[in-house]
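Engineer: Sharing a structure here in structure tokens format.
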Amino acid sequence: MTMAEATLASTRLLVAAYTTCVLLSSVTSAQAQDIEPRAYSNAPVGVNFLIAGYAYTRGGIAFDPALPVTNPQLETSSAVLAYARVLDIWGMSGKLDAIIPYTWLSGSANYAGEAVERVVDGLADPKLRLSVNLYGAPALTLKEFKDYKQDVIVGASLQVSVPGGQYDDSRLVNIGTNRWSFKPELGVSKTLGRWTMELSAAATLYTENDDFYGGKQRSQDPVYSTQGHAIYSFRSGVWASVDATYFMGGRTMVDGVRNDDLQQNWRLGGTLAFPVDVQNSIKLYASSGVSARTGNNYDLIGIAWQHRWGGGL
């Protein structure tokens, strides 16, 4: 192996370590409850990612925590297919990603004192997101990336949820939400040796659902969320993190009547990610509700596979 070939191989391994499953949040269609470590990180421009994943949830309502039901006992199995690409945005690195989930749901909940059962499957609302690292992560080629060392990264993103999921206005519990949502976010990432500390804050804004449960109009206040991560990177390229998120707000109104469904919820989780080879990696993750004012706690466990190509890899 020549010196140039050895350098390229070393750079490819570095890219594999930096980009091990950093582009996919939880595979559910939850809006404000995502727990996503390494959302703001650097990678060579032109690298593409194909992600396939699966997640299982049990307990409260993961996809729309503000539904007016009590004692939710629901199980969901969600499969997801996603694509992402690293971009050069005015000299800074950015990412564009698209996520298409499919969910199987079954279980029951109480509404107005009566049990409501539901068994359904279908597409959940697709998501599109554009993120850009505003500071600390310049747009780099694969050759330039070998000399990159992260210190402080400041990034921002905008995620849009498209109302394309399964929806039946005669049913209270659906997979899709029949409305748009917009989630601007600001995040900071700081490396301290093998540790990386991350903190982000976001607001999720919702349009009205004009066909809610028999043609009613349902609106929802913004949900404000913050999440933090403590990530440890091993020399092998494996990394693990302890994750937490808190979100509040989201009180709803149906036909002008305001509901007592203010959210004030905590979730804790963990993530383990490891490269299989230069082009493939696996992520395992889990989270659980710690405290929930509206009683929408649920447990989640998931796995995601990521394949990388392009950008000289």
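Read-outs throughout are calculated quantities, based only on the coordinates presented, and are distinct from any laboratory measurement. Keep in mind that what you see is a predicted model, and the values were worked out from it rather than measured. Every residue, glycine as well, gets a Cβ built from its backbone with ideal geometry; the counts of neighbours run over all protein chains shown.
Engineer: Only loop residues by DSSP count here, and only those with at most 11 other Cβ atoms within 10 Å; note down the chymotrypsin sites (Phe, Trp or Tyr not before Pro) in region 230-313 that meet that.
Structural biologist: PHE234
Engineer: I'd like to know how region 165-270 sits against the 2.2 N^0.38 Å rule of thumb: what's its Cα Rg over that expected value? Don't skip to the end; give the middle numbers.
Structural biologist: Values: Rg = 18.4 Å, N = 106, 2.2 N^0.38 = 12.9 Å.
Computed over Cα atoms of region 165-270, the ratio equals 1.42.
Engineer: Tell me, what is the percent relative contact order of region 3-309, built from C-alpha pairs under 8 Å that lie six or more residues apart?
Structural biologist: About 19 percent, as a whole number.
Engineer: Out of region 172-214, which chymotrypsin sites (Phe, Trp or Tyr not before Pro) are coil in DSSP terms and have no more than 15 other C-beta atoms within 10 Å? Don't skip to the answer; put the middle values down first.
Structural biologist: On the way: sites: TRP180, PHE182, TRP195, TYR206, PHE212, TYR213; in loops: TRP180, TYR213.
Here the chymotrypsin sites (Phe, Trp or Tyr not before Pro) that fit, given the DSSP loop and packing criteria, are TRP180.
Engineer: Select from VAL290, GLY46, MET253 the residue farthest towards the positive end of the dipole of region 3-309; place +1 on Cβ of Lys and Arg, -1 on Cβ of Asp and Glu, and compute about the Cα centre.
Structural biologist: Positive-most Cα among the choices belongs to GLY46.
Engineer: Only sites in a loop by DSSP and with at most 10 other Cβ atoms within 10 Å count here; which chymotrypsin sites (Phe, Trp or Tyr not before Pro) in region 107-161 make the cut?
Structural biologist: Nothing satisfies the criteria.
Engineer: Let me ask you something else. Could you give the distance between the Cα centres of region 180-222 and region 35-52, to the whole Å?
Structural biologist: 19 Å
Engineer: For region 223-233, what does the Karplus curve 6.51 cos²θ - 1.76 cosθ + 1.60, with θ = phi - 60°, yield as ³J(HN,Hα) per residue in whole Hz, taken in order and with x for Gly and Pro?
Structural biologist: 3J(HN,Hα) across region 223-233, in whole Hz: 9, 9, 9, 9, 9, x, 9, 10, 10, 10, 9.
Engineer: For region 3-309, report the translational diffusion coefficient in µm²/s to the nearest whole number, using Stokes-Einstein at 20 °C, 1.002 mPa s, and a Kirkwood Rh over Cα pairs.
Structural biologist: 108 µm²/s
Engineer: So, one more: With +1 on each Lys and Arg Cβ and -1 on each Asp and Glu Cβ, how big is the dipole of region 78-200 about its Cα centre, in debye rounded to the nearest 20?
Structural biologist: 460 debye
Engineer: I need to check one value: relative contact order of region 35-156, counting alpha carbon pairs closer than 8 Å and at least 6 residues apart, in percent. Write out the running numbers ahead of the final one.
Structural biologist: Details: 258 pairs, mean separation 31.7, N = 122.
Averaging sequence separation for qualifying contacts and normalising by length gives 26 percent for region 35-156.
Engineer: Let me ask you something else. Work out the length of the dipole vector of region 225-313 about its Cα centre, built from +1 on the beta-carbon of each Lys and Arg and -1 on the beta-carbon of each Asp and Glu, and round it to the nearest 20 debye.
Structural biologist: The dipole of region 225-313 has a size of about 220 debye.
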